[in-house]
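J.: Following this message is one structure expressed as structure tokens.
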Amino acid sequence: MLRNPVGLSYAVVALLAATAVVDVALFAAALDVRLLMSGDLQDHPDPAGFAHLGLDVATVVQVLSQLALGVVFIVWFFRVRKNAGVFAPDGHRGGPGWAIGAWFVPVASLWWPRTVAVGTWRASRRGAYGDGAGKGESLALLNWWWAFWILTSLAGFFAGAVYDDADTVEEFAAGAGFLMGASVVDIVAAVLAILFVRRLTSMQHHKATGMIPAAQ
């Protein structure tokens, strides 16, 4: 049975936008730390205190926002995958449950959710009777979204590790710089994710509308 994913997509987009705003705050906090560490600290009463506190608070807010986003995104992803099974029962590797489970399988989570997304995307572009007409549709947006999802995950992990292991002023400045870069990558990833969610939701909405028989 088809279920409308539009409402969930609004929630996902709102959380993605909120995450991007938090990334801007994290970038500003990391920049503050970098400027402080790169300047003259001799006359500063607390060289690290307030700057590090601001960065720590921004990091905690980022983690919480991403957790909320992850839950709502997976619920939306599961729904569009279920709809794709109605549109075209064939053409999928694994059942709808993989729309959830694929994100939690070690190593395989680097590619398996994309596999689910590709099957869902193609099914959502097919003709009303699953005739495979949508197989030639471009996967460019989906691929860019997935590439930046992987990139932002790696960049965030690396930047956080460098900053957490820092002991000297120079190391803290370098770590803050990496955090700034990771924030920019995450903002780009959020924008691409918004485009992906909106596009796939729109495809399914129009597909479902086209499958409803006209009133006699």
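J.: Output the direction-averaged projected area (hull surface divided by four) of the convex hull of the alpha-carbon atoms of the range 139-216, in nm².
T.: Directional mean of the projected Cα hull area for the range 139-216 stands at 6.0 nm².
J.: For the chain, what's the relative contact order in percent, using C-alpha pairs closer than 8 Å and at least 6 residues apart?
T.: 31
J.: Enter the accessible area per residue of the range 50-93 (Å², integer; probe 1.4 Å; all protein chains in place).
T.: Dividing the accessible area of the range 50-93 by its residue count gives 51 Å².
J.: Can you tell me how much longer the chain between Leu53 and Trp103 gets when fully stretched, taken as 0.36 nm per residue apart minus their C-alpha distance, in nm with one decimal?
T.: Going from the current span to full extension adds 14.8 nm.
J.: Moving on. For the range 188-203, what does the Karplus curve 6.51 cos²θ - 1.76 cosθ + 1.60, with θ = phi - 60°, yield as ³J(HN,Hα) per residue in whole Hz, taken in order and with x for Gly and Pro?
T.: In residue order, the calculated couplings are 4, 4, 5, 5, 5, 5, 4, 4, 5, 5, 5, 5, 5, 5, 5, 4 Hz.
J.: Between His206 and Ala147, what is 0.36 nm times their sequence separation minus the Cα-Cα distance? Round to one decimal in nm.
T.: Extra length available between His206 and Ala147 comes to 18.6 nm.
J.: Kindly provide the helix-only [θ] at 222 nm of the chain, computed as the sum of -39,500 (n - 2.57) over DSSP H runs of four or more divided by all residues, to the nearest 500 deg cm²/dmol?
T.: About -26000 deg cm²/dmol.
J.: So what is Rg over Rh here for the chain, counting just Cα atoms and using Kirkwood for Rh?
T.: 1.11
J.: Say we join alpha carbon atoms closer than 10 Å with springs in a Gaussian network model of the chain; which of Asp56, Asp32, Asp167 then has the biggest fluctuation?
T.: Asp167
J.: Summarise the accessible area of the chain (1.4 Å probe, protein heavy atoms) by the percent that is carbon and sulfur.
T.: Here it works out to 68 percent.
J.: Between beta-carbons, use under 14 Å as the cut-off and find the net charge around Phe157, counting Lys and Arg +1, Asp and Glu -1.
T.: -3
J.: Sticking with this structure for a sec: Distance between Cα centroids, the range 135-189 to the range 51-77: provide it in whole Å.
T.: 14
J.: Can you give the log10 of the normalised intensity I(q)/I(0) at q = 0.17, 0.22 Å⁻¹, computed with Debye over equal Cα scatterers of the range 72-113?
T.: The Cα Debye sum returns log10 ratios of -0.44, -0.70.
The values are calculated or read from the model by the stated rules, or taken from the named source; none is laboratory data. None of the values given here were measured: they were computed from a predicted structure. Quick reminder, even Gly has a Cβ in these numbers, built from the backbone with ideal geometry, and neighbours come from all protein chains shown. Areas reflect the complete protein model, heavy atoms only, side chains present, ligands, DNA and RNA absent. Shrake-Rupley method; radii C 1.70, N 1.55, O 1.52, S 1.80 Å.
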